[in-house]
Every structure is written in structure tokens, then in C-alpha cells.
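The structure under discussion appears below in the form of C-alpha cells.
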Amino acid sequence: MAEVIVGIDLGTTNSEVAVVQHGQTRVLSDETGDPILPSFVGLSSDGKLLVGRAARNQWVLAPERTIKSIKRKMGQDVKVPLADQQYQPQEISVMILKTLRDRASKALGRPIKKAVITVPAYFNDAQRQATRDAGELAGLEVVRILNEPTAAALTYDPRQQDLQRIPVYDLGGGTCDVSIVQAQQGVVEVLASHGNTQLGGDDFDELLLNRVCDSFQREHGIDLRADPVAKSRLLQAVEAAKCHLSYHSYARIDEEFIAEKNGRALHLSMEANREEFEDMIRPLLQRTLECVQRALRDAKLTPAALERVLLVGGSTRIPLVSQLLEDRLRQRPHAEVNPHLCVALGAAVQAAIIAGVEVGAVLVDITPHSLGIKCLDPDGGSSGFPFRLAPILHRNTPLPASRSELFSTVHDNQEAVDIEVYQGENPDIRRNHRIGKFRVQGLAKAPAGNQIVVHLDLNLDGVLKVSARERVTGLQKQIVIENALARYVLEERDAARARLRQLWGESGTAAEEDDADDATDAMPTLVPGPREGQRETVQARALLEKAERLLAGVRPEDKAELEGLMERLRMALTDRRWEEVTAASDQLADVLFYLEEA
Ligand code: AMP
């Protein structure tokens with residue numbers, strides 16, 4: 001039997017171990033099925049060694065007995081205290097590596113003696129040597145120290161003939177690293193690397209925590225940050241909410257009995273929404289884009305020379321990350337291989353190559369095309385056509401996948417919305433394929449901007465569940481579409497039509513007529529959002545439309561006032577002054593009410 005060499009991602013926040021078995025790469029889980037080992041080491045109150053989740057859970061409550069982010073100190077001549085002992089950084093890493101080695105031995109049913117261990121591209125010789133020492137002390141022969149971006153690139157079949165330049169954008173819990181990797185025929189090297197070792201998901205948690213605590217303090221006069229137990233609970237709650245916001249437009253943060261005031265228990269119950277969260281973290285993400293810029297400059301490359309963009313690290317799950325990178329690099333990043341696990345998987349690929357084991361590319365199930373719904377184009381239809389595709393599940397999303405987006409109604413007192421589900425990539429809805437349609441009837445009487453949450457859930461068998469829910473009432477309807485993964489090729493459809501036409505001499509088929517219907521379909525009923533000011537804009541436009549209609553019949557003495565108000569509202573809309581838009585809209589609504597009554 002060939003010897004087994006495992007691949008280990010020894011991360012700042014989390015660590016994993018992976019292996020290639022029967023040509024397949026897989027990450028090894030603990031007995032609870034968890035593939036991730038938090039890189040925390042601690043001693044319990046009764047002196048027991050804790051590694052992983054248990055140590056992480058006690059970190060805020062007992063920082064003197066817990067060590068986190070030891071990777072930042074690797075290679076430094078320092079000691080870290082743990083209870084009443086002092087340890088070298090590599091001794092702490094040994095505990096993490098030993099836990100991973102034991103996990104692998106148990107999972108594979110044989111002792112594991114050799115490993116490939118990954119390090120950041122910027123690690124110097126001392127840091128690499130300290131990592132090697134930690135491996136040896138953990139009873140592992142370290143057959144290779146591998147750069148993390150190289151490992152990530154190895155999961156994406158770098159054995160192609162053509163020279164590829166691949167940016168690897170790694171945003172984890174505490175650090176951001178951007179590397180430009182070059183790959184050709186299996187030879188992978190790092191051309192340039194830039195990073196910020198003090199920027200990552202922990203900072204996003206902190207921002208959200210402060211937002212929650214500030215609001216609680218305003219309401220109750222109590223600072224929850226001052227109480228370690230409350231802070232620890234809240235940190236876990238905001239992190240969970242942050243992760244939820246990667247797939248949904250809203251997240252609830254509910255913590256009961258979080259504090260006490262005058263003998264009365266206080267509960268915390270708040271809602272976080274994606275837009276606000278994105279605004280909060282945008283400045284930090286801009287700083288990561290500077291790392292991209294600098295890495296490109298060092299590699300002497302422009303975005304046009306790049307082959308594909310790879311995402312690594314848990315924080316790249318945040319949709320805004322892909323969006324900003326796409327804007328900057330003009331191509332949609334790849335995250336098919338789980339960004340939490342891809343460094344470990346790549347280390348396993350390298351380990352298998354060293355062991356002389358056959359290894360295929362890392363296989364992932366993905367959706368081959370985007371899935372979304374038809375909506376009114378908020379920019380008024382740039383292609384001259386008023387509808388566009390609003391993608392909800394993007395192409396190349398790993399399966400199973402589940403995501404929701406928020407939309408808003410267009411008309412006041414709109415009673416129904418039509419949800420039309422499409423697959424395809426073209427913003428112009430007519431260039432995509434409709435795979436399902438349903439109507440949600442009986443919406444609450446509400447002004448335009450009534451929020452509708454559309455949720456798509458796609459499983460490995462290609463079964464797509466689509467639901468639409470009115471936020472205020474919870475009114476919901478759902479359909480199930482079988483076979484949503486089947487690729488629909490437009491050219492095939494056109495060829496089939498041409499054949500039919502020849503056979504029957506007909507002008508078209510039922511399908512064509514159906515699609516033609518789509519193009520000019522009934523009433524537009526949804527817009528994506530809310531974007532900033534969208535609700536205000538929709539309402540203001542509706543009011544202006546109404547005012548235009550009434551203007552002709554208005555008495556001369558009222559006309560000037562009405563025109564003045566309309567002008568004020570238009571100016572505020574143009575300048576995107578939303579408070580002023582709301583104020584002017586309210587006034588205009590009052591005037592219109594009075595004019596209609598008169
Ligand atoms: P890593 O060091 O790569 O394991 O990344 C850990 C960081 O990713 C932590 O800050 C996590 O809170 C964050 N993270 C994990 N999953 C998600 C998610 N779905 N959305 C946003 N952040 C996430």
C-alpha cells in the first residue's frame with residue numbers, strides 16, 4: 001500500500017487536514033463530522049488541555065487560559081503565557097498539529113507520519129522553520145512547506161498547457177493575503193504577494209458587535225461590552241448573523257436574559273440587514289483591494305492578463321467581496337472549491353503528487369448557469385427594454401445552494417406579484433430561459449416598496465425550490481422546479497425551431513410564442529432592492545406621475561404651489577437627498593389628497 005501523506009492547512013483562525021484517497025480529495029472531519037478545527041489552545045478550569053472549539057468557546061471568558069492566533073507569533077523569539085506556564089509559539093502549534101494528526105489517523109485507520117503543511121507566501125525563513133519544527137515535534141515528517149496560494153491553485157487543475165496567471169484572494173478571520181500565482185503544466189509559483197495581517201472577518205464581527213451594543217446602550221443605558229459573559233455570547237451571535245447575511249438579506253440577533261436592570265431581565269432582539277452591513281464593511285474591503293492593486297503592480301500585470309480569480313478563506317463568502325473584485329478585475333471570481341477548505345485540499349493534492357499517488361482535479365458540483373427572477377430594470381431599461389434578470393444564485397455556486405434576495409413592489413396597494421424564474425447569464429431577460437412562474441396574491445395594502453423576499457434553494461439533484469414571502473405579513477407561496485440544472489442551450493432551441501419551420505412551414509412554435517409573450521408581459525411588479533433610496537424613488541415617481549395627471553385640471557392659484565413642490569421633489573431625486581425626497585413626497589401626497597378631494 002502506498003504511504004499516506006496528509007495535507008495540513010495550519011491557519012490563523014482555523015485549521016484542517018485533508019488527504020487524497022482513491023483519486024478523490026477529501027477533508028477529514030472529527031467524530032462530530034466537523035471538518036474545521038479552530039486554531040485555539042487552552043486549559044480548562046481544572047487544568048485539562050483544550051484544543052479547537054472547546055478552547056475557542058472559553059476564549060472571551062478566560063483569555064488568561066486561552067491562546068488564539070498563535071500563527072502570528074511563529075518564528076518570533078517570544079514566549080506566550082498559558083495559565084502559569086510560558087510556551088514558545090511552535091509548542092502551541094504542536095498541540096493543533098497533533099490534534100489534526102490524531103484525527104487523520106483515526107479517520108484513515110492507520111498511523112499518519114508524514115505531512116505537507118501550508119504557510120502564507122510572505123512567511124520568512126524563520127517562520128517557515130518554526131512551522132517545520134512544530135510539525136516534527138508533533139511526530140510528523142514535514143515533506144514540504146507549501147505556500148497557501150499555491151495550494152489553492154492546485155485545487156483548480158493547474159496542469160494545463162497554457163501559462164495562467166491566477167490572483168488568489170484570501171480573506172480569513174484575521175488576515176488578508178493577495179497573491180498572483182503563475183501555473184503551467186503543473187508548475188505553480190507565486191509571482192507576487194501582498195497582505196494585511198490585521199484585517200479580516202473578526203473586524204467585521206467587531207463592527208457589528210459595536211452597532212448592536214451601541215443601540216442596546218442607547219435604549220437601556222447598559223454597555224454589554226463591559227460584561228465578558230454578555231460580550232462572549234454576543235460575539236458568537238453577531239458572527240452567526242454575519243454568516244447568515246451572506247445568503248439572506250436579513251438576520252435576526254436574539255439573545256434572551258442578556259442583562260439585568262433594576263431586578264428586571266433584559267432581552268436583546270435586533271435585526272441586521274445586508275445593505276447596512278455592507279456599508280459598514282465596505283471601507284475595510286476597499287483596503288483589501290489596495291493589496292490586489294499592489295500585488296498586480298509587483299507582478300507587473302494588468303487585470304486583462306489574469307486567467308481566473310480564486311477565492312480563499314471564510315470571509316470571501318460575503319457577496320460584496322466577489323462584487324468588488326469583479327468590478328476591479330472585470331471577471332467573476334471562482335469559489336467552486338469550498339473557500340474554507342481549499343488550502344487543505346490543495347495541500348493534499350501536493351502530498352499525493354509527492355507520494356506518487358494518482359490524483360484527479362478536485363471535483364465539485366456547481367450550478368452551471370445563474371438562476372434568478374425577472375424584475376423591472378431600476379435604471380429604466382438600459383437596453384431599451386424595461387425588464388431584466390436579477391440573478392439570485394450565480395453561475396458556479398457550489399451545490400447544494402440556498403440564497404435569498406430582497407425585492408420591492410412598484411405600485412401603491414399592489415395586490416399581487418408575479419415571480420418568473422429564469423436561467424441564464426444575460427441581463428436582458430429576453431436572452432434567458434424561463435423555467436417557472438407563479439403568482440403571490442393578496443399582498444397587504446401598502447405603498448410601493450412593500451418588501452418581498454425571494455428565496456432559491458437548489459439541491460444536488462437539480463430540484464429548485466422557489467419561494468416568495470411578503471416581509472410584513474409572512475404571506476408566502478412556493479413552487480418546486482424539477483431539473484433546474486439541465487442546461488438550456490439557446491442555439492439548440494433555434495436549430496429545433498428552424499427544423500420545425502422547414503417541416504411544417506410554420507412561422508414559429510408554441511415555445512417561441514410563449515417567450516414572445518414574456519418579452520412584453522403584463523405589468524412590471526418587482527424591482528430589486530431595497531437599494532439606497534429605492535423605496536423613496538419608487539414612491540416619489542408614482543406621486544409625480546399622479547401630479548402630472550392632475551396638473552391640467554388644477555385651479556391657477558394651486559398650480560404654482562403644485563409645480564413648485566414637484567420641482568423640489570425632482571431636484572431632491574436628482575441629488576439623491578433621500579430625507580428631502582421623503583419630506584417633499586409627504587407634502588406632495590398631502591396636496592394631491594387635498595386636490596383630489598376638492
Ligand atoms: P478562515 O480563517 O478562512 O477559516 O475564515 C474564518 C472567517 O470567515 C471568520 O471570521 C468567519 O466568521 C468567516 N466566515 C465563515 N463563514 C462565513 C460566511 N458564510 N459569511 C461570512 N463570513 C464567514
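Could you list Leu137, Leu565 so that the one with the fewest beta carbons within 10 Å of its beta carbon is first and the one with the most is last?
Least crowded to most crowded, the residues run Leu137, Leu565.
Find how many whole Å separate the alpha carbon centroid of segment 203-234 from the alpha carbon centroid of segment 100-164.
Using only Cα atoms, the two centres lie 39 Å from each other.
For segment 371-481, what number of Lys pairs, 8 or more residues apart or on separate chains, have alpha-carbon atoms under 17 Å from each other?
Counting lysine pairs in segment 371-481 gives 6.
Please give the length that would be gained between Lys477 and Lys445 if that part of the chain were fully extended, namely 0.36 nm times their separation in residues minus their C-alpha to C-alpha distance (nm, one decimal).
Here the answer is 9.7 nm.
Helix-only estimate, please: 222 nm mean residue ellipticity of the chain, summing -39500 (n - 2.57) across DSSP H runs of length 4 or more and dividing by its residues, to the nearest 500. Can you show the working numbers first?
Numbers: 14 runs with 217 residues, N = 598.
My calculation for the chain gives -12000 deg cm²/dmol from helical runs alone.
Can you compute the equivalent ellipsoid semi-axes for segment 531-598, i.e. the square root of 5 times each eigenvalue of the Cα gyration tensor, sorted largest first and rounded to whole Å?
Working through the eigenvalues yields semi-axes of 22, 11, 9 Å.
For helix 274-298, what angle does its Cα long axis make with the longest principal axis of the chain, in degrees from 0 to 90 and rounded to 10?
Relative to the chain, helix 274-298 is tipped by roughly 60 degrees.
Summing +1 for each Lys or Arg and -1 for each Asp or Glu, what net charge is found among the other residues whose Cβ lies under 10 Å from the Cβ of Val4?
+2
To make sure I understand the rule: partners must be lysines, Cα under 23 Å from the Cα of Lys559, and not fewer than 8 residues away in the same chain. Which ones qualify?
Output for Lys559: Lys546.
How large is ³J(HN,Hα), in whole Hz, for each residue of segment 102-112 in order, when computed from phi with the Karplus curve 6.51 cos²θ - 1.76 cosθ + 1.60 and θ = phi - 60°, using x for Gly and Pro?
The phi angles translate into 5, 4, 5, 4, 5, 5, 9, x, 7, x, 9 Hz.
Could I get the Rg over Rh figure for the chain? Both from C-alpha atoms, Rh via Kirkwood, rounded to two places.
Rg/Rh for the chain comes to 1.03.
Could you name the lysines in cross-link range of Lys79, using Cα to Cα under 16 Å and dropping any fewer than eight places away on the same chain?
Qualifying lysines at Cα under 16 Å: Lys68, Lys71.
So which lysines can Lys113 reach, going by Cα to Cα under 17 Å and dropping same-chain residues fewer than 8 places off?
Straight-line reach from Lys113, under 17 Å: Lys98.
Each reported figure results from applying straightforward, stated rules to the coordinates on display, with no laboratory input. Owing to the predicted nature of the structure, the values given are computational and were not obtained by experimental measurement. Positions of Cβ are generated from backbone atoms using ideal geometry, with glycine treated the same way; all protein chains shown enter the neighbour counts.
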